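Student: Can you read through this structure? Questions will come right after.
The values are calculated or read from the model by the stated rules, or taken from the named source; none is laboratory data. Predicted model, so just to flag it, every value in this text is computed and none were measured. Here the Cβ is made from the backbone with ideal geometry for all residues, glycine too, and neighbour counts use every protein chain on show. Surface areas here come from the heavy atoms of the whole protein model, side chains and all, with no ligands, DNA or RNA. Shrake-Rupley method; radii C 1.70, N 1.55, O 1.52, S 1.80 Å.
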Amino acid sequence: MEIAELSYALDTFYFLVMGALVMWMAAGFTMLEAGLVRAKNTAEILTKNVGLYSIACIMYMLCGYGIMYGDGNGVIPGISLLTSADNAAADVIAGGDDAPYYSGLSDFFFQVVFVATAMSIVSGAVAERMKLFSFFAFAVILTGFIYPIQGYWKWGGGWLDAAGFLDFAGSGVVHMCGGAAALAGVLLLGARKGKYGPLGEVRAIPGANLPLSALGTLILWLGWFGFNGGSELMISNVDEANAVSLVIVNTNMAAAGGLVAALMTARLWFGKADLTMALNGALAGLVAITAEPLTPAPLTATIIGAIGGAIVVASIVMLDRKFKIDDPVGAISVHGVVGIWGLIAVCFTNPDSSIGAQLLGIVAIFVWVFVTSLGVWYALSKLMGIRVSEEEEYEGVDIGECGVEAYPEFVEVPE
C-alpha cells in the first residue's frame, strides 16, 4: 500500500474517531442538564437532547452542509438542498501539496456533530418552561439555516475568513452561536415561576441530581478532546501528530485551570465551594481554549482557561442577580460570554491574529444569530406558543409534555 493510501486511511479513521468523541458530548450535555433541572422536568430535558441531536443530523444533511460548504459570494452562501457528503466534500481538500487526504463522508460526520453541539447549548438555558415541539421547531431552523450561514462566513471560506478572523474549533462559530440563540429565547420566554420574588430577590432553584451533572461535565471534558483535536483535520505526519498532541494537552489544561479558578472564585465570593460553579468553570475553560488551542504553551492555556473560569462565575451571578436572566444551567455565560473571551484570547498567542478582526467576528456572529433567533422565537410564540401553562410548569413538564416521569415516586400496580 502506498504512503498516500496509508495517510488517507489514517486521517479518515482519525476524523471518524474524533467525530465520535464529539457525538459523545451529546451525552454530556444531556446528563449535565438532567442533573441541573428539577426532578419533575427531567424526562422532558432528556427528550429535548436526543431529539435535537437527531434533528440536527437530518437538517444538516438536507441543507446545512451544502449551505456551509457550498458556493457563494462570501457573504450570501449558495443554497444547495439534498447535498450529501458524497458530492459536497471532495476527498482531496484543497490547500497545496501538503493538503490532507480523507473521506468526504468523514468530514461530513465531523461537521454534523458540531452543529448538534451548538443546538445543545440552547436546551439547558430554556429548560423547565418551554414547549417541547416549539423547541424542536427552532432546532430545525437553527441547525438547517442560522448556524450554517455564519459557519460559511468563517469555515466555508466566506468574508470573515477573508477578513482574518480566527476561530480554530468554534468558540464563536459553535459556542457563542449557541449562547446568542439561547439568550434570544430566554429573553422572550421569561424566567421560571418563583425564580424572582416581588421585591426582585433571587431565589435559588437547585437541580435534582448533581452526581449526574458531574458525570455530564466529565463526559463533555472527554468529548472536547475530539472537538479540538479533530479540528486539526489530519494526523498522518510527524508535525500534525505533534500538533494534535499539543491541542489535546492544552484543551485538558484549560479545563483544569477553569475548574480551579471557578472553585476558588466561588470560595472567595460565597464562602463555600460551589460544585455547580466548579463544573461550569471546567466547561468555561474548554470554551475559552477552543478558539486557539494550538499556539499557546500548556501553562498559557491553563491561564486562558482560568480566566474563563473566573469570568463565568461573575457572569452567572450578574445575569441572574442584576439582569434577571434565568438560565438554569448557566449556558449563556459558559458558551456565550466565555466564547467572547476565547476569541479575544487568540490575540495573546497567535501572531497572525488581530484584535480588529476578532472583534469583527464576534459582532457579526452575535448580531446574526441573536437577531435571526429572536425573530424565529417570536414567530413561534405567535404561531404555536413557546411557553407551557402555569399549571404545567407547576406540575412539571415531564407530565405535560412527555406524559412520563423520569423519577416516579409511586406507581400503583393493579392487583
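Student: Answer yes or no as to whether Lys40 is open to solvent by 50 Å² or more (accessible area, probe 1.4 Å), of a type in the set (Lys, Arg) and closer than 30 Å to Arg192 by Cα.
Tutor: yes
Student: Of all residues in the range 360-403, count the ones that are under 24 Å from the mean Cα position of the chain (by Cα), open to solvent by 40 Å² or more (accessible area, probe 1.4 Å) and of a type in the set (Val, Ile, Thr).
Tutor: Residues in the range 360-403 being under 24 Å from the mean Cα position of the chain (by Cα), open to solvent by 40 Å² or more (accessible area, probe 1.4 Å) and of a type in the set (Val, Ile, Thr): 3 in total.
Student: Right, Ala357: surrounded by 17 or more Cβ atoms within 10 Å (Cβ to Cβ) and within 29 Å of Leu259 (Cβ to Cβ) or not?
Tutor: It is false that Ala357 is surrounded by 17 or more Cβ atoms within 10 Å (Cβ to Cβ) and within 29 Å of Leu259 (Cβ to Cβ).
Student: Please work out which residue is nearest to the chain's Cα centre (by Cα), limiting yourself to the range 316-345 and to residues that are without any contact (Cβ under 8 Å) to a residue 40 or more places away in the chain and farther than 17 Å from Thr276 by Cβ.
Tutor: Ile344
Listed here are the residues, each with its yes/no results for (1) free of Cβ contacts under 8 Å to residues at least 40 places away in the same chain; (2) open to solvent by less than 10 Å² (accessible area, probe 1.4 Å); (3) within 27 Å of Ala314 (Cα to Cα); (4) among the small types (Gly, Ala, Ser).
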{"site": "Leu222", "(1), (2), (3), (4)": "no, no, yes, no"}
{"site": "Ser231", "(1), (2), (3), (4)": "no, no, no, yes"}
{"site": "Met234", "(1), (2), (3), (4)": "no, no, no, no"}
{"site": "Ala262", "(1), (2), (3), (4)": "no, yes, yes, yes"}
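Student: Checking Leu187 against (1) assigned to a loop (DSSP other than H, G, I, E, B); (2) out of contact with any helix residue (DSSP H, G or I) (no Cβ under 7 Å at 6 or more places or on another chain); (3) at pLDDT 95 or above, only one condition comes out false. Which one?
Tutor: For Leu187, the failing item is (1).
Student: What do you reckon, is Ser236 in contact with a helix residue (DSSP H, G or I) (Cβ under 9 Å, 6 or more places away or on another chain) and either among the basic types (Lys, Arg) or at pLDDT below 95 (or both)?
Tutor: In short, yes.
Student: Still on this model: Might you let me know whether the range 363-386 holds any residue that is touching a Gly at 6+ places or on another chain (Cβ under 6 Å), within 16 Å of Phe133 (Cα to Cα) and without any contact (Cβ under 8 Å) to a residue 24 or more places away in the chain?
Tutor: no
Student: I would also like to ask the following. Conditions first: (1) assigned to a helix (DSSP H, G or I); (2) over 24 Å from the mean Cα position of the chain (by Cα). Ala406 passes all but one, so which condition is the exception?
Tutor: Ala406 satisfies all of (1) assigned to a helix (DSSP H, G or I); (2) over 24 Å from the mean Cα position of the chain (by Cα) except (1).
Student: Okay, next question. Tell me, yes or no, whether the range 12-31 has at least one residue that is open to solvent by 60 Å² or more (accessible area, probe 1.4 Å) and assigned to a loop (DSSP other than H, G, I, E, B).
Tutor: Looking for residues that are open to solvent by 60 Å² or more (accessible area, probe 1.4 Å) and assigned to a loop (DSSP other than H, G, I, E, B), one finds none in the range 12-31, hence no.
Student: Now for a separate question. Within the range 264-283, can you find the residues that are more than 19 Å from Leu36 (Cα to Cα) and open to solvent by less than 70 Å² (accessible area, probe 1.4 Å)?
Tutor: Thr265, Gly271
Student: While we're here: Identify all residues within the range 360-406 that are on the phi > 0 side of the Ramachandran plot and touching a Leu at 6+ places or on another chain (Cβ under 7 Å); write none if there are none.
Tutor: Hits for the range 360-406: nothing passes.
Student: Starting from the range 241-255, keep only residues that are under 19 Å from Gly342 (Cβ atoms), then list their pairs with residues that are open to solvent by 10 Å² or more (accessible area, probe 1.4 Å) and among the β-branched types (Val, Ile, Thr) whose Cβ atoms are within a distance under 6 Å, requiring at least 6 positions of separation or different chains.
Tutor: Once the first residue is under 19 Å from Gly342 (Cβ atoms) and sits in the range 241-255, its partners that are open to solvent by 10 Å² or more (accessible area, probe 1.4 Å) and among the β-branched types (Val, Ile, Thr) give Met253/Thr302; Ala254/Ile304.
Student: Among what's in the range 347-369 and is of a type outside the set (A, V, I, L, M) and assigned to a helix (DSSP H, G or I), pick the residue that is nearest to Asp161 (Cα to Cα).
Tutor: Checking each candidate, the answer is Gly361.
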